[in-house]
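Comments concern the structure below.
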């Protein structure tokens with residue numbers, strides 16, 4: 001019974017990881033820009049700034065901070081994943097608590113799972129607030 005539950009949960013967690021991996025490679029496999037030769041000559045004469053502009057892809061965001069900045073998007077996605085995993089672990093802990101059948105070690109293990117899941121949710125919320133505060137302070141100075 002436990003092996004079936006473990007394999008089912010592993011299968012459910014593998015699907016989003018594979019989907020993220022496939023979507024991440026889609027941008028990498030895009031065709032190079034037409035002005036690649038111009039970038040090579042301009043980056044040598046223009047210094048580091050011109051080289052950084054040439055390294056930027058055509059579909060890459062130019063702003064790092066702000067409401068649609070790269071940092072905010074990446075941190076929001078990562079914090080969403082962390083929060084989703086914590087909620088899943090909270091559900092698993094609840095199921096383990098119900099299925100424990102009065103066994104004291106199983107009850108203790110289930111309570112620890114619930115406790116650590118709640119701590120994970122709190123840490124994810126605090127990290128979200130901290131990241132938004134820091135990005136907001138960078139956005140105000142830029």
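The values are calculated or read from the model by the stated rules, or taken from the named source; none is laboratory data. These figures come from a predicted structure and were not determined experimentally. Reconstructed Cβ throughout: ideal geometry from the backbone, glycine too, with neighbour counts over all protein chains shown.
Regarding residue 105, is this residue modelled with pLDDT of 85 or more and exposed (fewer than 11 other Cβ atoms within 10 Å of the Cβ)? Here the answer is yes, as residue 105 does meet what is asked. If the condition is being under 26 Å from residue 136 (Cβ atoms) and free of Cβ contacts under 8 Å to residues at least 12 places away in the same chain, then the range 82-122 contributes 84, 119, 122.
Just one residue in the set 135, 121 is farther than 20 Å from residue 69 by Cα, touching a helix residue (DSSP H, G or I) at 6+ places or on another chain (Cβ under 9 Å), surrounded by 14 or more Cβ atoms within 10 Å (Cβ to Cβ) and at pLDDT below 90; that residue is 121.
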